[in-house]
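Asks: Have a look at this one.
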């Protein structure tokens, strides 16, 4: 079966920095695939290339060499509205100020299905309502986004993405700035979407333990290159993590058998 997402020798480099103290960044050539129906995590230290990878996939950036495919089609061949029908992105947070209610935000997710229409149809309203029901935001529908807590805003952004009815859900640090309760609720919601809808999910996370619990496979980036890709137990390996992150760690197993990473503090 054809992968849902495939990077084929994708190379990219930002323009050379004007000042020597600024670091240059480049992907020399990325090749990997995201299979249909899996939860695929992208991890790595700061400046490893995680956000740049998402920008290449969503065509905010264009590769200098290589090809990115979504199913059988090149991403470069898709119109913006076609790409938005296939891929929905959940950012870390909504821009501010953002003077819209939750319902208005979620309805924005229907735009790719009729890019030349100015008013939503009954089908759009039904899709938006279903997305809010799935994310437990129906009761928040009339509220301005500015009045919501961090966890509620994250669920509203996820509802907008679901209203797009995409094949691929992309999340950039889905639990950043959330407390433990909302982290657990977000993780449970993503598991449910993957299990019940068969939705393919690609997430970027600094939280190695969240990624280990949620993801079927992980891609570990280091300086724009793939350090390893595979099952969480194969990627979250002590010596590899210490080399990539430059600090001492220990790796245990959770009750589910997934790896758990701890910083190894020296006692003084």
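The values are calculated or read from the model by the stated rules, or taken from the named source; none is laboratory data. These figures come from a predicted structure and were not determined experimentally. Note that each Cβ is placed from the backbone with ideal geometry, even for glycine, and that neighbours are counted across all protein chains shown.
This table checks each residue for (1) at pLDDT 95 or above; (2) in contact with a helix residue (DSSP H, G or I) (Cβ under 8 Å, 6 or more places away or on another chain).
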| residue | (1), (2) |
| --- | --- |
| 135 | no, yes |
| 154 | no, yes |
| 172 | no, yes |
| 181 | no, yes |
| 188 | no, no |
| 201 | yes, yes |
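Asks: Then there's this: In the stretch 31-72, what residues are more than 14 Å from residue 7 (Cβ to Cβ) and outside any loop (DSSP other than H, G, I, E, B)?
Replies: Once the filter is applied, which keeps residues that are more than 14 Å from residue 7 (Cβ to Cβ) and outside any loop (DSSP other than H, G, I, E, B), the stretch 31-72 yields 39, 41, 43, 51.
Asks: I need the strands (runs of 3 or more DSSP E) fully contained in the stretch 139-236, keeping only those with at least 1 residues that are within 13 Å of the chain's Cα centre (by Cα).
Replies: 168-172, 200-204, 217-222
Asks: Does residue 134 fit the bill of being closer than 15 Å to residue 190 by Cβ and out of contact with any strand residue (DSSP E or B) (no Cβ under 9 Å at 6 or more places or on another chain)? Before you say what the answer is, go through the steps one by one.
Replies: Values: closer than 15 Å to residue 190 by Cβ: yes; out of contact with any strand residue (DSSP E or B) (no Cβ under 9 Å at 6 or more places or on another chain): yes.
Taking the combined requirement at face value, the residue satisfies it.
Asks: I need the full set of residues from the stretch 136-157 which are surrounded by 24 or more Cβ atoms within 10 Å (Cβ to Cβ) and farther than 16 Å from residue 98 by Cα, in order please.
Replies: 137 - this is the single residue of the stretch 136-157 that is surrounded by 24 or more Cβ atoms within 10 Å (Cβ to Cβ) and farther than 16 Å from residue 98 by Cα.
Asks: Let me ask you something else. Within the group 58, 72, 2, which residue is closer than 26 Å to residue 211 by Cα and surrounded by fewer than 15 Cβ atoms within 10 Å (Cβ to Cβ)? Write out each step before concluding.
Replies: Numbers: 58 fails: surrounded by fewer than 15 Cβ atoms within 10 Å (Cβ to Cβ); 72 fails: closer than 26 Å to residue 211 by Cα.
Just one listed residue meets the conditions, 2.
Asks: Take the residues of the stretch 80-114 that are over 21 Å from the mean Cα position of the chain (by Cα) and surrounded by fewer than 13 Cβ atoms within 10 Å (Cβ to Cβ): which is farthest from residue 178 (Cα to Cα)?
Replies: Of everything passing the filter in the stretch 80-114, 99 is farthest from residue 178 (Cα to Cα).
Asks: Here is a follow-up. Are any of the residues in the stretch 206-215 in contact with a strand residue (DSSP E or B) (Cβ under 7 Å, 6 or more places away or on another chain), under 17 Å from residue 33 (Cα atoms), in contact (Cβ under 8 Å) with a residue 40 or more places away in the chain and buried (at least 17 other Cβ atoms within 10 Å of the Cβ)? Break it down stepwise before answering.
Replies: At the first step, the residues of the stretch 206-215 found to be in contact with a strand residue (DSSP E or B) (Cβ under 7 Å, 6 or more places away or on another chain) are 208-209, 211-212, 214-215.
Going one step further and asking which of them are under 17 Å from residue 33 (Cα atoms), we end up with 215.
If we keep only those that are in contact (Cβ under 8 Å) with a residue 40 or more places away in the chain as well, we get 215.
Now drop any that are not buried (at least 17 other Cβ atoms within 10 Å of the Cβ), which leaves 215.
Within the stretch 206-215 (the criterion being in contact with a strand residue (DSSP E or B) (Cβ under 7 Å, 6 or more places away or on another chain), under 17 Å from residue 33 (Cα atoms), in contact (Cβ under 8 Å) with a residue 40 or more places away in the chain and buried (at least 17 other Cβ atoms within 10 Å of the Cβ)), the answer is yes, since at least one residue qualifies.
Asks: Let me ask another. Of all residues in the stretch 77-114, how many are outside any helix (DSSP H, G or I), out of contact with any strand residue (DSSP E or B) (no Cβ under 9 Å at 6 or more places or on another chain) and in contact (Cβ under 8 Å) with a residue 12 or more places away in the chain?
Replies: Adding up the residues that qualify gives 5.
Asks: Pick from the stretch 243-268 the residues that are touching a strand residue (DSSP E or B) at 6+ places or on another chain (Cβ under 6 Å) and outside any strand (DSSP E or B): which of them is surrounded by the most Cβ atoms within 10 Å (Cβ to Cβ)?
Replies: Among those residues, the one meeting the criterion is 244.
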